[in-house]
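Report on the structure given below.
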Amino acid sequence: MRILVVEDNLTLAEGLSAVLKGNGYAVDSVHDGVSAEAALRTQTYDLAVLDLNLPEMDGLELLRRLRARQGNTAVLILTARGAFEDRVKGLDLGADDYMTKPFDVSELEARIRVLLRRQVGLRGAQVSFGQVVLDLNSRTASSEGRPLDIPARELSVLETLMLRAGKVVAKEAIIQSLSAFDDDLSANAVEQYASRLRKRLAPFGLTVRTARGLGYYLDRLGAEG
């Protein structure tokens, strides 16, 4: 999943980005409202962590513009502005959650997990397909209680496919979910991840099928033909 950090304090932005990347998310970071609006217009994000006191454009105005064009990116406001009126205005403009600084990193991580689950229509932290269970909190996969050894990038592909089980996921959508501004992720790399993941899932009765010219989807072995 892909997250945009909008924070003008460079040290805090770098710290937040490091924490989120450590949790397996693809993360972009921008430091003013105008750059944030450009990113949200041109890229697809599951979540934005948004400061309000931004140069160039206030965070509330950025949020208003996002919702006015019906952008469905989840927004968690993270700001020093803790007045009741600011909270109400932020939520009324379409924020999904509101936290004030200083904050506890563990609580922030938990709230982000809740918002990301909500984005894909999940109540619980686990999603399953066939014998494989994916825990979105710990970002681990297992089968019958036994952990599966799946590298981070392949696990992210598995997450993207499991969250959209039954649907073909475009290769471009997988690239978007895996890569940040500074990544150079090619379509060939996604093909390699899908191929490796296919081999890892075979002992558990699953496969990654290719919908030629469209993308990939998760399926049970033997389901075709």
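The values are calculated or read from the model by the stated rules, or taken from the named source; none is laboratory data. This one's a predicted model, so the numbers in the text were calculated from it and none came from an experiment. Quick reminder, even Gly has a Cβ in these numbers, built from the backbone with ideal geometry, and neighbours come from all protein chains shown. Quick note on the areas: whole protein, heavy atoms, side chains included, nothing else; ligands and nucleic acids left out. Shrake-Rupley method; radii C 1.70, N 1.55, O 1.52, S 1.80 Å.
Quick check: anything in the stretch 157-170 in a loop (DSSP other than H, G, I, E, B), touching a residue at least 12 places away in the same chain (Cβ under 8 Å), β-branched (V, I, T) and touching a Phe, Trp or Tyr at 6+ places or on another chain (Cβ under 9 Å)? The answer is yes; a qualifying residue exists. The C-beta contact set for the stretch 134-156 (first residue at negative phi and open to solvent by 60 Å² or more (accessible area, probe 1.4 Å), second residue among the β-branched types (V, I, T) and not in a loop (DSSP other than H, G, I, E, B), distance under 8 angstrom, 6+ apart or interchain) comprises P147/T140.
Candidates in the stretch 114-130 are the residues that are modelled with pLDDT of 75 or more and assigned to a loop (DSSP other than H, G, I, E, B); of these, the one that is surrounded by the most Cβ atoms within 10 Å (Cβ to Cβ) is G130. The combined condition, being polar (S, T, N, Q), open to solvent by 10 Å² or more (accessible area, probe 1.4 Å) and touching an Asp or Glu at 6+ places or on another chain (Cβ under 9 Å), is fulfilled by N9.
Residues that are in a loop (DSSP other than H, G, I, E, B) and not aromatic (F, W, Y) within the stretch 99-113 comprise K101, P102, D104, listed in sequence order. Can you find, within the stretch 173-199, the residue that is nearest to R220 (Cα to Cα) among those that are in a helix (DSSP H, G or I) and touching a residue at least 40 places away in the same chain (Cβ under 8 Å)? Result: L197. Against the test of being of a type outside the set (S, T, N, Q), modelled with pLDDT under 85, open to solvent by less than 50 Å² (accessible area, probe 1.4 Å) and closer than 25 Å to A39 by Cα, the options L161, L178 yield a single qualifying residue, L178. Scanning the stretch 25-48 for residues that are touching a helix residue (DSSP H, G or I) at 6+ places or on another chain (Cβ under 8 Å) and open to solvent by 50 Å² or more (accessible area, probe 1.4 Å) yields H31, Q43, T44. Among the candidates G22, G82, G15, the residue that is within 26 Å of R153 (Cα to Cα), of a type outside the set (K, R) and exposed (fewer than 14 other Cβ atoms within 10 Å of the Cβ) is uniquely G22. Does V88 satisfy the condition of being of a type in the set (A, V, I, L, M, F, W, C) and within 16 Å of L16 (Cβ to Cβ)? Against the criterion (of a type in the set (A, V, I, L, M, F, W, C) and within 16 Å of L16 (Cβ to Cβ)), V88 does not qualify. For the stretch 200-217, a residue qualifies if it is part of a helix (DSSP H, G or I) and either within 22 Å of I3 (Cα to Cα) or aliphatic (A, V, I, L, M) (or both), and the qualifying residues are L201, A202. The residue of the stretch 38-68 that is modelled with the lowest pLDDT, among those that are among the small types (G, A, S) and within 16 Å of the chain's Cα centre (by Cα), is A39.
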